[in-house]
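Asks: There's a structure below that I have some questions on.
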Amino acid sequence: MKKVFTTGQVAKICKVAPRTVSKWFDSGRLRGYRIPGSQDRRIPREHLIRFLKEHGMPLGELEEEGWNKILIIGAEKVFIDKMKNQLPEDDEFKFEVANSGFEAGIQAESFHPDTIIIDLAMGRSEALQIAQNLRRNPQYEEVMIIALALEDEANPEGLLNYGFNESFKKPFDVALLGERINRIVEEKRENM
């Protein structure tokens, strides 16, 4: 995942001439910086995505990267609907749902989520197995994995030993989970 692009790379993404990108940059419409001691321009990913969205241009190969993707595993429809209300899809969030460990593996592989929420109500041992399998794969090292612990979970903090980053014990306010995911997204953007 590239973090900074040259004007030539931006031109390819936008399907325009490199000179056009230089004009956008020089006029201040496309933000970026110049390499010290050179006339070369560099455009950070977040500025490029913002520029493309502001001007209604297709994101092309950046499309998938513009979304904050959340995979919800084993959760009830009511919870999924509440999450979608907290983190609306038009606010750069995209959701996929899996109902089993097998489905979760397929979805994780094709969807490349940033956050995975696993509801232990699907079966504690299956949920723990899914988290452990994901953590064994280097592709999911940076992915935030959140457990939705059952009311009778004796030690929700103990779930962190199975590969979860955080746990929320039911019943909880879905708004708190939505707020936490929003914070993760903001931190990620700042570190891009």
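The values are calculated or read from the model by the stated rules, or taken from the named source; none is laboratory data. None of these values were measured; they are calculated from a predicted model. No Cβ is skipped: glycine too gets one built from the backbone with ideal geometry, and neighbour counts run over all protein chains shown. Surface areas here come from the heavy atoms of the whole protein model, side chains and all, with no ligands, DNA or RNA. Shrake-Rupley method; radii C 1.70, N 1.55, O 1.52, S 1.80 Å.
Asks: Among ASN155, ILE43, PHE25, which residue has its Cα positioned farthest towards the positive end of the charge dipole of the chain, with +1 placed on the Cβ of Lys and Arg, -1 on the Cβ of Asp and Glu, and the dipole taken about the Cα centre?
Replies: PHE25
Asks: Next question, about the same structure. For region 58-127, what does the alpha-carbon gyration tensor say about shape, rounded, prolate or oblate, given a ≥ b ≥ c as the root eigenvalues, a/c under 1.5 as rounded, and a/b over b/c as prolate?
Replies: Oblate shape, in that a/c is at least 1.5 and b/c is the bigger or equal ratio.
Asks: What's the carbon and sulfur percent of the chain's accessible surface, probe 1.4 angstrom, rounded to a whole number?
Replies: Carbon and sulfur: 49 percent of the exposed surface of the chain.
Asks: Suppose the Debye formula is applied to equal point scatterers at every Cα of region 21-96; what is log10 I(q)/I(0) at q = 0.11, 0.12, 0.24 Å⁻¹?
Replies: -0.44, -0.49, -1.08
Asks: Hey, what D do you get for region 54-192 in µm²/s if you plug the Kirkwood alpha-carbon radius into Stokes-Einstein at 4 °C and 1.567 mPa s?
Replies: Taking Rh from Cα pairs, D becomes 84 µm²/s.
Asks: Let me ask another. Contact order normalised by length for the chain, with contacts defined as Cα pairs under 8 Å and 6 or more residues apart; what percent is it?
Replies: About 16 percent, as a whole number.
Asks: Counting pairs on different chains as well as pairs 8 or more places apart, how many Lys pairs in region 23-122 have Cα atoms under 17 Å apart?
Replies: Summing the qualifying lysine pairs gives 7.
Asks: Could you give the alpha-carbon Rg of region 1-133 over 2.2 N^0.38 Å, rounded to two decimals?
Replies: Normalised Cα radius of gyration, region 1-133: 1.39.
Asks: Taking the Cα centroid of region 67-129 and of region 16-52, what is the distance between the two, rounded to the nearest whole Å?
Replies: Using only Cα atoms to place each centre, the spacing works out to 36 Å.
Asks: What size of dipole, in debye to the nearest 20, comes out for region 1-102 about its Cα centre when the only charges are +1 on Lys and Arg C-beta atoms and -1 on Asp and Glu C-beta atoms?
Replies: Charge dipole, region 1-102, about its Cα centre: 660 debye, nearest 20.
Asks: What's the angle, to the nearest 10 degrees (0 to 90), between helix 77-86's Cα axis and the longest principal axis of the chain?
Replies: 40
Asks: Next question. GLU61 to ASP152: FRET efficiency via 1/(1 + (r/R0)^6), r the Cβ-Cβ distance, R0 45 Å, to the nearest 0.05?
Replies: It comes out at approximately 0.45.
Asks: Moving on to the next point. Among MET57, LEU120, SER110, flag the residue with its Cα farthest along the positive direction of the charge dipole of the chain, charges on Cβ as +1 for Lys/Arg and -1 for Asp/Glu.
Replies: Going by the Cα projections, it comes out as MET57.
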